[in-house]
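K.L.:
Please see the structure below; I have some questions.
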Amino acid sequence: MTPTAETAGSIDLIMRAVKSRLSDMGSHEDYRLEHTIERPYSSIAIIGPVVGKNAGKLVVKTIKHHPINASITKKENQAVVEYDILMKLYPQFLNVNGCAVPRPVIVIPEIETYVMEFVEGDLLMDANKYLRYASSRRKSLELQELYFLCGKWLRIFHEVTGIEKRRVDVFTHIMERCDQRLELIEQSSHSAIPKGFREQVLATLTAYLDQLSGSDILVAGRHGDFGPWNILYNAQGITVLDFLGFQKDPLPVDIMKFLVFLDNERMSVTCSKKRVNNLKDRFIEGYGPVPSIQEAVFLVCEILHRVVSIWGDVSAPGKHLHHKMESAKRIERSIQWLRSPSRSCLWPCN
């Protein structure tokens, strides 16, 4: 009997399963492990051919069952979810200039693992160093074009996964995720968190959902963690990775994830706010006009990501003094926004 990913816990077992499955598919290449990357929610192995010049490197991703993602990983086999969405997206992006996803190769459900082609490139998150005041102006302009492609990619992703109409119960997952993070924030006893914060945020969310009762809510595919930490760039453009938690959700979820990240970047002591604003403008331009969506839908999605952002800073404020200062500024800004009776939306709603 093949062990599950939970009981295997061994790259050797995973490699044997991958090689066996590739051989079953007719591959004559022998692959060797080059290196591994341990992440909170997955294990990544980069493998390359021992002999033969025709085969390229492959990426082997095995899902981890982290408690924070329990509602996702227990519901569906996420290796299958990610593989299936890549199978759908890959041919659709083949002829899109500047936007791509990795080519899926195989999925091995019993060990919650899938394999995709390796993509050469640098992490877009690392290019955000060109937001700093003294950095290259030319590189900052190139960065703007990459963020335009991020908006373009997301719009095509929504179109390919399909835009549909649902009722207000589509927010169930968002409410559950918000409440989970708010509970963790409350349990942290962080000095910046005001008394009754959890109840206040949940009441605000409930009020917005009451406004939307009986309305049609536009939904589309949700990447799950759309941001420059999951995007590679090279001379050909951008490639988006990591579709853990893919499902249908209110259309603005990924949009607001990206914009809350950029809003947080403005809190960096070394970043030019003007350059950050330029990235936001280019991302919005790349996405283009959104369909008619109620402002309350955008605000609910923004609340979710500000709550998640607060939890990120509360749980990991950084080691260095300037990182701790930036973390405190982000927490303060999001709390002020969440408690404001007249909050404005990061997306330019009509």
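The values are calculated or read from the model by the stated rules, or taken from the named source; none is laboratory data. Worth saying up front: this structure is predicted, and the values here are computed from it rather than measured. Glycine gets a Cβ as well: all are built from the backbone with ideal geometry, and neighbour counts include every protein chain shown. Ligands, DNA and RNA are excluded from the accessible area calculation, which covers all protein heavy atoms including side chains. Shrake-Rupley method; radii C 1.70, N 1.55, O 1.52, S 1.80 Å.
K.L.:
State whether the residues of the stretch 273-288 include one that is in contact (Cβ under 8 Å) with a residue 12 or more places away in the chain, outside any helix (DSSP H, G or I) and surrounded by fewer than 18 Cβ atoms within 10 Å (Cβ to Cβ).
P.N.:
yes
K.L.:
OK, next. I'm checking my understanding of the structure. Among residues of the stretch 80-97 that are outside any loop (DSSP other than H, G, I, E, B) and without any contact (Cβ under 8 Å) to a residue 60 or more places away in the chain, which one is surrounded by the fewest Cβ atoms within 10 Å (Cβ to Cβ)?
P.N.:
P91
K.L.:
Give me a count of the residues in the stretch 122-149 that are of a type in the set (A, V, I, L, M) and not in a helix (DSSP H, G or I).
P.N.:
So the count comes out to 2.
K.L.:
Taking interchain pairs and intrachain pairs at least six residues apart, which have beta carbon atoms under 9 angstrom, with the first residue in the stretch 180-205 and over 18 Å from E302 (Cα atoms) and the second open to solvent by 50 Å² or more (accessible area, probe 1.4 Å) and of a type in the set (A, V, I, L, M, F, W, C)?
P.N.:
From residues that are over 18 Å from E302 (Cα atoms), the pairs are L184/W311; S188/W311; A192/A328.
K.L.:
Still on this model: Restricting to the stretch 176-195, what's the tally of residues that are in a helix (DSSP H, G or I) and either more than 11 Å from V307 (Cα to Cα) or touching a strand residue (DSSP E or B) at 6+ places or on another chain (Cβ under 7 Å) (or both)?
P.N.:
4
K.L.:
When D179 is evaluated against the numbered criteria (1) farther than 21 Å from V81 by Cα; (2) crowded, with 18+ Cβ neighbours inside 10 Å; (3) modelled with pLDDT of 95 or more, which criterion, by number, is the only one it fails?
P.N.:
Condition (2) is where D179 drops out.
K.L.:
How many of the residues in the stretch 1-36 are closer than 13 Å to V50 by Cβ, modelled with pLDDT of 80 or more and of a type in the set (S, T, Y)?
P.N.:
1
K.L.:
Further, regarding this structure: What are the pairs with Cβ atoms under 6 angstrom where one residue, in the stretch 131-151, is touching a residue at least 24 places away in the same chain (Cβ under 8 Å) and the other, located anywhere, is open to solvent by 30 Å² or more (accessible area, probe 1.4 Å) and assigned to a loop (DSSP other than H, G, I, E, B)? Sequence gap at least six, or different chains.
P.N.:
What qualifies is R132/T270.
K.L.:
Now for a different question. Just need a number here: residues in the stretch 210-241 that are open to solvent by 30 Å² or more (accessible area, probe 1.4 Å) and free of Cβ contacts under 8 Å to residues at least 60 places away in the same chain.
P.N.:
Total meeting the criteria: 6.
K.L.:
Identify, from the list I156, I185, the residue that is open to solvent by less than 30 Å² (accessible area, probe 1.4 Å) and more than 19 Å from the chain's Cα centre (by Cα).
P.N.:
That would be I185, the only listed residue that is open to solvent by less than 30 Å² (accessible area, probe 1.4 Å) and more than 19 Å from the chain's Cα centre (by Cα).
K.L.:
Might you let me know whether the stretch 117-128 holds any residue that is small (G, A, S) and touching a residue at least 12 places away in the same chain (Cβ under 8 Å)?
P.N.:
yes
K.L.:
Please verify whether T204 is in a helix (DSSP H, G or I), out of contact with any strand residue (DSSP E or B) (no Cβ under 7 Å at 6 or more places or on another chain), open to solvent by less than 60 Å² (accessible area, probe 1.4 Å) and of a type in the set (S, T, N, Q), treating the condition exactly as stated.
P.N.:
Judged against the criteria, T204 is a match.
K.L.:
Filter the stretch 262-272 down to the residues that are hydrophobic (A, V, I, L, M, F, W, C) and surrounded by 19 or more Cβ atoms within 10 Å (Cβ to Cβ), then identify the one that is nearest to L141 (Cα to Cα).
P.N.:
Filtering the stretch 262-272 for residues that are hydrophobic (A, V, I, L, M, F, W, C) and surrounded by 19 or more Cβ atoms within 10 Å (Cβ to Cβ), the one nearest to L141 (Cα to Cα) comes out as C271.
K.L.:
Would you mind finding the one in I72, I108, I63 that is crowded, with 21+ Cβ neighbours inside 10 Å and more than 20 Å from the chain's Cα centre (by Cα)?
P.N.:
Among I72, I108, I63, only I108 is crowded, with 21+ Cβ neighbours inside 10 Å and more than 20 Å from the chain's Cα centre (by Cα).
K.L.:
Now, a different point. Do we find that F171 is within 18 Å of E302 (Cα to Cα) and either outside any helix (DSSP H, G or I) or not basic (K, R) (or both) in this structure?
P.N.:
The answer is yes for F171.
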